[in-house]
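Beneath this line is the structure, given in structure tokens, with notes to follow.
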Amino acid sequence: MNAPLASDRFCAACEPVPRFREAGDLTLDRAHQDARVEDLWLRLPPREFLLLWHLAGGPEERVDEARLAADLWRSRSGEGGGDIASLLARLRTRLAAVGLGELIVSDDEGGYRLNLRPLLALPPGETLRDQ
């Protein structure tokens, strides 16, 4: 009656999505739909959070603009490109305000990825509030 199900009945896509994702010094919280550096919340609008969450799912992995548009707006390839560019500009401005302006990098082919090298350069023992 309570026999375990065969393991081949579940797919990898069916696994629960994690609550947190780390992106360098940034912690994304799916429950809050926001990101924080230490204890400073960025107060991201929903689309900016989704964009960052998507990029953090495959850190250092390039995602092209058409794929981002398809995933964020469920649009067909090639549509919504201007929306992605303006969304990224706003997100980069928010990230720059907390010292993470170089977190999202773009390439010449219209792709984006996260740059996860240590980004937030605070002197030892200093926190965001001390600055």
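Which condition does Asp108 not pass, out of (1) modelled with pLDDT of 85 or more; (2) surrounded by fewer than 18 Cβ atoms within 10 Å (Cβ to Cβ), if it passes all the others?
Of the numbered conditions (1) modelled with pLDDT of 85 or more; (2) surrounded by fewer than 18 Cβ atoms within 10 Å (Cβ to Cβ), the odd one out for Asp108 is (1).
Every residue, every condition in (1) among the hydrophobic types (A, V, I, L, M, F, W, C); (2) assigned to a loop (DSSP other than H, G, I, E, B); (3) at pLDDT below 90; (4) touching a His at 6+ places or on another chain (Cβ under 7 Å), yes or no:
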site	(1), (2), (3), (4)
Asn2	no, yes, yes, no
Leu5	yes, yes, yes, no
Leu28	yes, no, no, no
Ala35	yes, no, no, no
Phe49	yes, no, no, no
Trp53	yes, no, no, no
Ala56	yes, no, no, no
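Please enumerate the residues belonging to the range 14-29 that are among the charged types (D, E, K, R) and surrounded by 14 or more Cβ atoms within 10 Å (Cβ to Cβ).
If the condition is that a residue be among the charged types (D, E, K, R) and surrounded by 14 or more Cβ atoms within 10 Å (Cβ to Cβ), then Arg21, Asp25, Asp29 are the ones that fit.
Could you say which residue among Arg117, Arg94, Arg62 is farther than 16 Å from Phe49 by Cβ, at pLDDT 85 or above and charged (D, E, K, R)?
Only one candidate qualifies: Arg62.
Taking Arg21 as the residue in question, decide whether it is in contact with a Ser or Thr (Cβ under 9 Å, 6 or more places away or on another chain) and modelled with pLDDT of 95 or more.
no
Of everything in the range 39-56 that's of a type in the set (D, E, K, R) and surrounded by 14 or more Cβ atoms within 10 Å (Cβ to Cβ), which residue is nearest to Gly101 (Cα to Cα)?
Filtering first and then ranking leaves Glu48.
Mind checking which residues of the range 24-65 are free of Cβ contacts under 8 Å to residues at least 24 places away in the same chain and of a type in the set (A, V, I, L, M)?
Answer for the range 24-65, where residues must be free of Cβ contacts under 8 Å to residues at least 24 places away in the same chain and of a type in the set (A, V, I, L, M): Ala31, Ala35, Leu50.
Quick one: would you say Glu22 is more than 16 Å from Leu91 (Cα to Cα), among the charged types (D, E, K, R) and in a loop (DSSP other than H, G, I, E, B)?
Here the answer is no, as Glu22 does not meet what is asked.
The values are calculated or read from the model by the stated rules, or taken from the named source; none is laboratory data. Fair warning: this is a prediction, and the values are worked out from it, not measured in the lab. With ideal geometry, Cβ positions are generated from the backbone for all residues, glycine too; neighbour counts draw on all protein chains shown.
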